Amino acid sequence: MIRLRAVDRNGPQAALDTGSVAILAAILIPVFLVFAAITLDIGRWYIEIAKVQAAADAAALSGVTWMPDNLSTPVGGPNATTKAIEASARNGYPNSGSSSVEVLGMSESSSQLLVTVSSTIPNIFGQIIPGISDSTTIRRSSLADVQGAPPMGSPCNAFGNQPDSNTYAEANGDVGPPGTAIPTTGEGGHATCQDSPQLWAVIQGPGEDKSNGDRYATTDCSSPTNCDSNPPVANPPAYGNKEYLAENYFWRVRIEPDAVGNDVSLQVYDPAYVETESSCENLDNAGSDRIDVNGINDWAPDASTRYKSGANVFCPGDRLDTSGSAMITSFALRAPTPTLDPLQSAPVSGCARQFTGTTDTPTRTQLLQGQSGYNSYLASVFHQWVHLCTFRPTEPGDYYLQVRTNVASGGNAATSPAITTGLEPGVNGFAMRAAVFAPDGTLNRAAAGQVSISGYERMPIRVNSGTTTTTFNLLQVLTNAHGKSFNFSFFDVGDGLGSNTGYAQILYPRGATVGGTTITGDVSPADCEYEFPVSGNSGTLSSSCTAEIRSSTNNGTIAQMTVDIPGDYVCTYQTLGSCWFTVKMTYTGTSNPTDTTTWDASINGDLVRLVK
C-alpha cells in the first residue's frame, strides 16, 4: 500500500535547502566567472596567434627573396631584414611598441630566413583575478627558403670570352677599362672567373632555322624536335618552331650590397651581327679587300690579333646560315622585381640600344680611319667593346638584360612587340661585362667582384675554342637544394663532331661536401639519369656522369640529364663564385670545334616556400 505524506514547503527543511543553494552559489559563481574570464582571454589568444603567424609568414616570404647575400646590408637600405620588418608592419605588427620582429639568417643554409614576430596583448578579464598576469606575449616564427632560377654560365661580372679592350678605342673615348674587367682574387674577384672560358653568348635571327642551334629565338624549323613543318596560318602567325619565345633571352645582372652606389657600366663585345663565318675565315680571303692585318697596324697596335682569321678569343663567329638581309640585335636592361619574373620588371631608362648588322665582311678601308670608305659605326662595333649604358643601383637585386632579334628598327627590346614579317636570319656571337666605377670616376675592381652576369633559365652559347675540350660553369646549386634534383637540357649539341663521338661530363662544385667529406670530380652515375631524346629513351652514360654525344643523333634534338643532389650535400656560400656545378665538353677527332647550342636548367621544387 502506498502512503502519501504532505510536506510543508515553508517548513524548517525548506529553509535548510535554500540556504545550502545560496552558499553553493556564493562559492561557485566566482569560480565560473574566473573560467569565463580565462575562456574569453584564451579565445583572444587564439585569434592573436593566427594573426601573428600570418604576419610572420608574410614577413619571411617578403624578406627571403633578398637572400643570400643581403641579410642586413646596406645599413638603412633595402635588405632582407628591412623588407621582412616592413611586411610585418603592413600586417599590423611593427617592430615597435607592443610588437617586435626578429630576423635571422640561417648559417646552415644561406638562402633561408627565420622571422619571429612577437605581440604582447592585455588580459582584459584575467587581470582582475589575483595571480593572473596583466598581459600575455604571443610569439610565432616562420622559416622561408628561396630557390629561384639558378644562375647559369658565369659567376663573374662577365659572360663569355673577354678580349682586351682596344687601346686605340680607349684613346678615342671608349668606356674602359683597358684590358680585362674581371678582377683578380687579390682585387676581390673569384678564382672561378676566366678571361677565356672558350664560349660566347649567341643569339640567332628569327629567320634562322632552329636546327642551327637556337632553340627559342628562331621561327623556322626543320629540326626533329618540337617542329611543325606546315604551320597553320594565324594572326599572329604560327611558326614552325613550337618553342619560339617572343621575349627571346634574358641574362641576369646581379648586384650585391657592396656594389650599390657605384656606377655600373654595362658593355657588350661585338654586339652587331657582322658576317665573318664561324672561324672568321672571311677576314683574310685572298684576292679581296678583306682586312689586311699587317697593313692595319698603324690604326691599332693589336690589329694583327684582333682581326685575325681562325677560332680565337677575338672571333665570336658571326655567320649567315640562311639567305636574307642582316638582322638587328636589340639590348635592354630591366630593373629588379620582387616577383622574380623579368617580364614583369620595368625597363631601366636610358639602357636600351639597337645594333644594325651587315652580311658583308668588313674591309680594311671600312675600318681604317682616313680611308675614303671608312665606316665609323662599323669600326666602333666590330670586334670592339661597346658601351650599352651606365646605371647606379640604389639597392641590391637582380637586373635583367634582355636580348632580342625580333624588334623592328627603332624599337626597344623591353617594350616593342615582336615583328611578324621580315624575319631576318643570322647568327650573332657576343660577350658581356660590367665594369664598376666609384662615384668619383675611378675604377672599383673590388665592387666589380660583387656583380655577376649569368644566364636566366636558358642560355644560348657558342663554343668556338680552337681546342678539343672546354669546361664552363653550368649552374649554381646552394645547400638549400640538398635532397632535391636539378634538370638541365642541351639542344643541338654535336655539330662540331662530324662522325666522331663527344662527351658532356658533369662535375661537382669545388669545396662542396657530402656527408662531411669534400667531393671532387665527376658526379656519380648513380645520381644521374640521361634521357636522349627527351621522349624518354635512355642515353648512354659512361662510368661517371658523362653523356655520349654524336652529331648523327644529337643534331636538332634535345637531350636531358637529371642530377640527384645528395641529402647531406653542403656547399658553403661565400662568394658569387661558390657552389657551381660545371660541365666539361670533349670534342674528339676535331681540332677546331664550333657549335651553337641552347642550355636550360632548373632545380626541382618551389621558387619561394615556407619551410616551417
* What residue, of 80, 55, is at pLDDT 85 or above and in contact with a Gly (Cβ under 7 Å, 6 or more places away or on another chain)? -> 55
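Taking segment 303-339, which residues are under 30 Å from residue 396 (Cα atoms) and surrounded by fewer than 17 Cβ atoms within 10 Å (Cβ to Cβ)?
Taking segment 303-339 and keeping what is under 30 Å from residue 396 (Cα atoms), we get 329-339.
Within segment 303-339, 338, 339 qualify.
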* To do: Take segment 412-443 and flag every residue that is under 26 Å from residue 263 (Cα atoms) and either in contact with a helix residue (DSSP H, G or I) (Cβ under 8 Å, 6 or more places away or on another chain) or of a type in the set (A, V, I, L, M, F, W, C) (or both).
  => 413, 414, 430, 431, 432, 434, 435, 436, 437, 438, 443
* Which of the residues spanning segment 213-253 are modelled with pLDDT of 90 or more and either under 30 Å from residue 438 (Cβ atoms) or not in a loop (DSSP other than H, G, I, E, B) (or both)? -> 249, 250, 251, 252, 253
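Would it be correct to say that residue 445 is charged (D, E, K, R), surrounded by fewer than 22 Cβ atoms within 10 Å (Cβ to Cβ) and more than 15 Å from the chain's Cα centre (by Cα)?
yes
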* Asked: Within the set of pairs 6 or more residues apart or between chains, which connect a residue that is without any contact (Cβ under 8 Å) to a residue 24 or more places away in the chain inside segment 339-364 to a residue that is small (Gly, Ala, Ser) with Cβ atoms less than 8 Å apart?
  -> 339/345; 346/335
* Taking only segment 403-430 into account, find how many residues are surrounded by fewer than 24 Cβ atoms within 10 Å (Cβ to Cβ) and in a strand (DSSP E or B). => 0
* To do: Scan segment 482-501 and report the pairs whose first residue is at pLDDT below 80 and whose second residue is among the aliphatic types (A, V, I, L, M) and part of a loop (DSSP other than H, G, I, E, B), with Cβ atoms within less than 8 Å and a gap of 6+ or a chain change.
  => 482/565
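Restricting segment 518-535 to residues that are outside any strand (DSSP E or B) and under 17 Å from residue 490 (Cβ atoms), which is modelled with the highest pLDDT?
523
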* State whether one or more residues within segment 577-590 are hydrophobic (A, V, I, L, M, F, W, C), under 30 Å from residue 449 (Cβ atoms), in a loop (DSSP other than H, G, I, E, B) and at pLDDT 80 or above. => yes
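The values are calculated or read from the model by the stated rules, or taken from the named source; none is laboratory data. For clarity, every value in this text was computed on a predicted model and none was experimentally measured. Because the Cβ atoms are built from the backbone with ideal geometry, glycine has one as well, and the counts that use them run over all protein chains shown.
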